[in-house]
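One structure below.
Laboratory data are not the source of any read-out in this text; all were calculated from the coordinates shown. Computed from a predicted structure; not experimentally measured. All Cβ positions, even for glycine, are placed from backbone atoms using ideal geometry, and neighbour counts span all protein chains on display.
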Amino acid sequence: MSLVEDLERLEALRREGTLSDEEFQSAKSKLINEDSPTGGLGGALDNLSSDVNQWAMMIHLSQLFGFVVPVAGLVVPIILWQLKKETSETVDQHGRVVTNWIITEVVLGFCSVILVYLFIGIPLLLGLAVVGVVFPVIGGIKANNGELWPYPMTINFLPVGEKTSGYYSEPDAEAAEPTHGETAGGDHAG
């Protein structure tokens, strides 16, 4: 393919919403400067998605730092997310998933500590420790494969899976209007 065809294809991906404006500009500059080792649009997109997937994976796996340095598992993922959330919608979504889990984990941990006095909290804390390792590992593997995996049992404090930037389409005007024989409340007239 020629450079013009590659740029047109890249523009089509941006218009479809597959690429954000920042991702489009990055891939476009790689095409123009031919910095991509594999060359062409495929190489530029592979390098771009690989970088985004690695950042997303690191956000998930950085939670495990808490087992080495106390509190690092709570702070490091949020710092990584804040560094890259403006440049990639994918990284932003993974950061939201991890932040929701961190908040949920803290709330569940606090409740479990209180329940230790009733002897119910000990198995809950052990279970929380297990999923505190398993969930980030699964999330990191899926992120590296380009998938978004919302952790089970997570309270969604931050919306996940919704587009948080860009343009939204207007709601369908016909869907908002009542059909023939119905009133605005959904009751049948007459």
Margin query: Charges at C-beta only: +1 for Lys and Arg, -1 for Asp and Glu. How large is the resulting dipole of the stretch 3-160 about its Cα centre, in Debye rounded to 20?
Written below: 700 debye
Notebook entry, point to check: Expressed in nm to one decimal, what extension gain is obtained for the pair Phe110 and Glu11 from 0.36 nm per residue of sequence separation less their Cα-Cα distance?
Noted result: 30.7 nm
Next item on the list: Can you pull the one-decimal nm distance between simple spin-label points at Ile138 and Phe67, each 7 Å off the Cα toward Cβ?
Entry: 1.6 nm
Notebook entry, point to check: Could you give me the ³J(HN,Hα) list for the stretch 108-124, computed from phi with Karplus coefficients 6.51, -1.76, 1.60 and θ = phi - 60°, whole Hz, x at Gly and Pro?
Noted result: 5, x, 4, 5, 5, 5, 5, 6, 4, 5, 9, 6, 7, x, 5, x, 5
